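Asks: Here it is: the structure, laid out below.
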Amino acid sequence: MRVERIADRGHLLTFDDEISLYLISGKMFDLLCDTHLGPVSIEEINSYLKIKPENHRLLIFNSHSDWDHIWGNCVFRDHIIIGHEMCRQRMNERGAFDLIQNAAQKRGDVELIPPNLTFSDELTLEDEGIRFTYAPGHTVDSTVCYDMTDEVLYLGDLVEDPIPYLDAYDLDQYIDTLTSLLDHPARILISAHSGLVTRDLIKENIAYIRAVRDETLIDSAHLGSYGPVHRWNLNMRLIHEVVRQEKSGRNSELVKVLMDAGDLHDQDPVQLKSRLLGFASRLS
Ligand SMILES: [Zn+2]
């Protein structure tokens, strides 16, 4: 694991799979943004989490409920875990599926522990100068964490180099979120999968999301190892379209279709589309 001090009170902790957590050492609290893949990951960063002065407490924050950012939560079941109310809901609805689907990635014994302090729009730790703001787009529950003292913004998976995963269907909302982040006062921007990022990358991500929304043909050759991510994004949109035909159209239906669909990184969108017609009739 790499440890980089990127601001006065902020450390970027990056694992061998290039997933980063961000640790803010505040006045009364330390705040750990995301928890990686399980207890073994947390053991690796334990020396950085050790309680320093007396009564100094550790808070946990979940940027969203995707499995590769929350499986270490179970180490912190007695702590305050902050997340959006939909982060808790989404984890409860599809966390078990993700745990089975990605079992090979677990680091230690993982138990799903959702956030126990939730909010809808914004939550501020006033004395610490830390603000959590709802920023939907990558997922419906995505949230950013801003350290106003260091002017560091932790973006979770909202921005990724070269393209982000499009898990949520509403791409207009994603574009709105990223556009508003372009004007954010932050000095340093952190992506959970791409480390320190720039506003130029945000602009490139917006252009990509627009192209997918408008069904513009995208040449995936220049995406390199992210070609399968582009395929995943196209397949996920097809699945959302099927699920949205259902009146309830919620995560439980989404999970049903995902269980049958296989790895979306590998599927040919054209073939998946014809298979989905079968799922659609079974759902209704
Ligand atoms: Zn994610």
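The values are calculated or read from the model by the stated rules, or taken from the named source; none is laboratory data. Since we're looking at a predicted model, the values are computed, not measured. A quick note on method: Cβ atoms are made from the backbone with ideal geometry, for glycine too, and the neighbour counts reach across all protein chains shown.
Asks: Six or more apart or on different chains, Cβ atoms under 6 Å: show the pairs whose first residue is in the stretch 96-111 and closer than 14 Å to Pro39 by Cα and whose second is outside any helix (DSSP H, G or I).
Replies: Qualifying pairs under 6 Å: Gln105/Leu37; Lys106/Gly38; Arg107/Leu37; Arg107/Gly38; Gly108/Gly38; Val110/Gly38.
Asks: Looking only at the stretch 1-28, how many residues end up being aromatic (Phe, Trp, Tyr) and either within 20 Å of Pro114 (Cβ to Cβ) or under 15 Å from the mean Cα position of the chain (by Cα) (or both)?
Replies: Residues in the stretch 1-28 being aromatic (Phe, Trp, Tyr) and either within 20 Å of Pro114 (Cβ to Cβ) or under 15 Å from the mean Cα position of the chain (by Cα) (or both): 1 in total.
Asks: Moving on. With the checklist (1) in the same structural domain as Gly262 (by TED's automatic domain parsing); (2) under 16 Å from the mean Cα position of the chain (by Cα) in hand, flag the one item Val140 doesn't pass.
Replies: Checking Val140 against (1) in the same structural domain as Gly262 (by TED's automatic domain parsing); (2) under 16 Å from the mean Cα position of the chain (by Cα), the one that fails is (1).
Asks: State all residues of the stretch 130-150 that are in contact (Cβ under 8 Å) with a residue 60 or more places away in the chain, in contact with a Lys or Arg (Cβ under 9 Å, 6 or more places away or on another chain) and more than 11 Å from the ligand (Cβ to nearest atom); if no residue qualifies, say none.
Replies: If the condition is that a residue be in contact (Cβ under 8 Å) with a residue 60 or more places away in the chain, in contact with a Lys or Arg (Cβ under 9 Å, 6 or more places away or on another chain) and more than 11 Å from the ligand (Cβ to nearest atom), then Val144, Cys145, Asp147, Thr149, Asp150 are the ones that fit.
Asks: Then there's this: In the stretch 142-169, which residue that is of a type in the set (A, V, I, L, M) and under 30 Å from Ile239 (Cβ atoms) is surrounded by the most Cβ atoms within 10 Å (Cβ to Cβ)?
Replies: Of everything passing the filter in the stretch 142-169, Leu155 is surrounded by the most Cβ atoms within 10 Å (Cβ to Cβ).
Asks: Is it the case that the stretch 89-96 has a residue that's among the acidic types (Asp, Glu) and within 16 Å of the ligand (Cβ to nearest atom)?
Replies: Yes, the stretch 89-96 contains at least one residue that is among the acidic types (Asp, Glu) and within 16 Å of the ligand (Cβ to nearest atom).
Residue-by-condition table, conditions (1) crowded, with 20+ Cβ neighbours inside 10 Å; (2) hydroxyl-bearing (Ser, Thr, Tyr):
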{"position": "Ser63", "(1), (2)": "yes, yes"}
{"position": "Gly72", "(1), (2)": "yes, no"}
{"position": "His84", "(1), (2)": "yes, no"}
{"position": "Met91", "(1), (2)": "yes, no"}
{"position": "Arg94", "(1), (2)": "yes, no"}
{"position": "Asp98", "(1), (2)": "yes, no"}
{"position": "Gln101", "(1), (2)": "no, no"}
{"position": "Gln105", "(1), (2)": "no, no"}
{"position": "Leu112", "(1), (2)": "no, no"}
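Asks: Residue by residue through the stretch 170-194, note down the ones that are under 14 Å from Asp147 (Cα atoms) and crowded, with 21+ Cβ neighbours inside 10 Å.
Replies: Within the stretch 170-194, Leu189, Ile190 meet the criteria.
Asks: While we're looking at this one, here's another question. Look at Leu234 and say whether it is away from the ligand (no atom under 16 Å from the Cβ), farther than 16 Å from Leu153 by Cβ and part of a helix (DSSP H, G or I).
Replies: Taking the combined requirement at face value, the residue satisfies it.
Asks: Kindly list the number of the only condition in (1) modelled with pLDDT under 95; (2) assigned to a helix (DSSP H, G or I); (3) surrounded by 15 or more Cβ atoms within 10 Å (Cβ to Cβ) that fails for Ser225.
Replies: Among (1) modelled with pLDDT under 95; (2) assigned to a helix (DSSP H, G or I); (3) surrounded by 15 or more Cβ atoms within 10 Å (Cβ to Cβ), Ser225 violates only (3).
Asks: Looking only at the stretch 59-86, which residues are among the charged types (D, E, K, R) and out of contact with any Ser or Thr (no Cβ under 8 Å at 6 or more places or on another chain)?
Replies: Asp68, Arg77, Asp78
Asks: Return only the number of the condition from (1) more than 30 Å from Asp16 (Cα to Cα); (2) away from the ligand (no atom under 16 Å from the Cβ); (3) among the acidic types (Asp, Glu) that Asp170 does not satisfy.
Replies: Against the list (1) more than 30 Å from Asp16 (Cα to Cα); (2) away from the ligand (no atom under 16 Å from the Cβ); (3) among the acidic types (Asp, Glu), Asp170 comes up short only on (2).
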